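The values are calculated or read from the model by the stated rules, or taken from the named source; none is laboratory data. Since the model is a prediction, treat every value here as computed from it, not as a measurement. Positions of Cβ are generated from backbone atoms using ideal geometry, with glycine treated the same way; all protein chains shown enter the neighbour counts.
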Amino acid sequence: MAYQLICPCGTNVTAFDDVFVDEVQAHLAAEHPGRNYSADDIMTMAMPVSDKLVRPKF
């Protein structure tokens, strides 16, 4: 299963469930230092999406 979160800054984080929270937390650390959310908070804001929307990373 895949999830998506669109950050207020406009960044769209879409990833499979096993790495989704880590991807969101990495975005927060890089772009919004000091903003920390728990895994539960992140998943509350996440939207389930089709696996087809996840782009492979090279």
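So if I check each of THR44, THR14, which one is exposed (fewer than 13 other Cβ atoms within 10 Å of the Cβ) and of a type in the set (S, T, N, Q)? Matching residue, one of THR44, THR14: THR44. Determine, yes or no, whether GLU23 is surrounded by 10 or more Cβ atoms within 10 Å (Cβ to Cβ), at pLDDT 95 or above, under 11 Å from the mean Cα position of the chain (by Cα) and not polar (S, T, N, Q). For GLU23, the condition - surrounded by 10 or more Cβ atoms within 10 Å (Cβ to Cβ), at pLDDT 95 or above, under 11 Å from the mean Cα position of the chain (by Cα) and not polar (S, T, N, Q) - is met. Taken together, the residues in the range 27-41 that are out of contact with any strand residue (DSSP E or B) (no Cβ under 9 Å at 6 or more places or on another chain) and surrounded by 13 or more Cβ atoms within 10 Å (Cβ to Cβ) amount to 3.
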